[in-house]
Amino acid sequence: MNAKWSALALVVTLAACSSKGQVRDDTFPDPARAYPAGGTYVNLDNLRQYAPGMSKPQLQSLLGTPHFNEGLWGVREWNYLFNFRGSVGAAPIQCQFQVHFGDGGMSTGQSWKPESCAALLQPAPAPPPPAAAVPVAETPLRISADALFAFDSATLADAGKARLSEVVRNLGQRVNEVNLVVVGYTDRIGSDAYNLGLSQRRAASVRDYLVQQGIPAGAIRAEGRGSTGALVECEDSSGNELVACLAPNRRVEISGIGGG
């Protein structure tokens with residue numbers, strides 16, 4: 001009786017291990033037996049190319065020989081001990097990778113120990129898109145120079161100061177966040193050189209007043225463009241009629257204010 005049971009136990013043991021070296025899917029060899037000792041650093045691009053259906057020669061070309069002395073023939077599992085490094089200087093992560101083979105010697109699947117190592121093959125998530133910039137009004141705030149200055153003057157009138165104070169009040173808490181460009185324009189009456197200088201002085205006057213009202217000086221740039229960028233031409237006018245007709249060209253434009 002004892003001999004009978006001993007023989008039965010031997011049959012069970014051989015069936016579990018198999019003469020072909022097959023092991024159960026949930027078993028992995030002792031990492032201390034790996035050769036080379038400690039495993040290898042695997043090329044992730046190569047590892048990501050693995051898929052069931054590969055032959056042993058294909059797998060060996062891709063990942064190298066298995067690390068636990070498995071042979072080519074009659075072997076149902078190949079075992080690897082791989083190291084991964086998340087970033088420069090970080091301690092490596094060690095994972096066991098097991099490939100399963102069917103009767104035809106073609107790979108049928110794989111296992112990881114620990115299972116969390118499978119996530120290492122996932123590509124890094126794409127960086128989030130940059131935050132959308134706060135849109136700036138395409139049309140600048142346009143203020144008639146006649147509402148800001150006396151004719152042929154670069155000194156702000158009281159009405160002009162009141163208009164600019166209203167602009168600053170409308171900014172509210174954004175007063176320290178804006179980035180403004182103040183551009184002065186004149187009409188075509190007079191020489192180009194004179195008109196350019198007048199437009200520059202007017203833009204500077206507006207900038208200086210806005211700074212006095214609390215907008216940071218570094219957040220405002222002022223420039224003059226003389227009689228360029230005309231909005232109207234008034235070819236058939238002259239005298240006082242021409243001065244009145246050209247009024248739209250005499251203006252100050254403030255870009256970045258956030259309103260038209």
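The values are calculated or read from the model by the stated rules, or taken from the named source; none is laboratory data. Quick caveat, the model's predicted, so the values are computed rather than measured. Every residue, glycine among them, receives a Cβ derived from its backbone with ideal geometry; neighbour counts consider all protein chains shown. Ligands, DNA and RNA are excluded from the accessible area calculation, which covers all protein heavy atoms including side chains. Shrake-Rupley method; radii C 1.70, N 1.55, O 1.52, S 1.80 Å.
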Checking VAL211, VAL175, VAL243 in turn, the sole residue that is free of Cβ contacts under 8 Å to residues at least 60 places away in the same chain, in a helix (DSSP H, G or I), among the β-branched types (Val, Ile, Thr) and buried (at least 16 other Cβ atoms within 10 Å of the Cβ) turns out to be VAL175
Over the stretch 246-260, the set of residues assigned to a loop (DSSP other than H, G, I, E, B) and either closer than 30 Å to VAL175 by Cβ or charged (D, E, K, R) (or both) is ARG250, GLY256, ILE257, GLY258, GLY259, GLY260
Residue in the stretch 20-45 that is most open to solvent (accessible area, probe 1.4 Å), counting only those that are part of a helix (DSSP H, G or I) and either at pLDDT 90 or above or in contact with a Gly (Cβ under 8 Å, 6 or more places away or on another chain) (or both)
ARG33
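Those residues that are surrounded by fewer than 17 Cβ atoms within 10 Å (Cβ to Cβ) and either farther than 17 Å from GLY197 by Cβ or free of Cβ contacts under 8 Å to residues at least 40 places away in the same chain (or both), I need them from the stretch 145-162; list them, please. Give the derivation first.
Within the stretch 145-162, the subset surrounded by fewer than 17 Cβ atoms within 10 Å (Cβ to Cβ) is 147, 150-153, 155, 157-159, 161-162.
Of everything in the stretch 145-162, those that are surrounded by fewer than 17 Cβ atoms within 10 Å (Cβ to Cβ) and either farther than 17 Å from GLY197 by Cβ or free of Cβ contacts under 8 Å to residues at least 40 places away in the same chain (or both) turn out to be ALA147, ALA150, SER153, ALA157, ASP158, ALA159, LYS161, ALA162.
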Among the residues of the stretch 215-240, the number that are assigned to a loop (DSSP other than H, G, I, E, B) and more than 47 Å from the chain's Cα centre (by Cα) is 6
Answer with yes or no whether ASP187 is open to solvent by 20 Å² or more (accessible area, probe 1.4 Å), among the acidic types (Asp, Glu) and assigned to a loop (DSSP other than H, G, I, E, B).
no
Report, by residue number, each residue of the stretch 52-84 that is within 42 Å of the chain's Cα centre (by Cα), under 19 Å from PRO114 (Cα atoms) and either surrounded by fewer than 14 Cβ atoms within 10 Å (Cβ to Cβ) or of a type outside the set (A, V, I, L, M, F, W, C) (or both).
PRO66, HIS67, ASN79, TYR80, ASN83
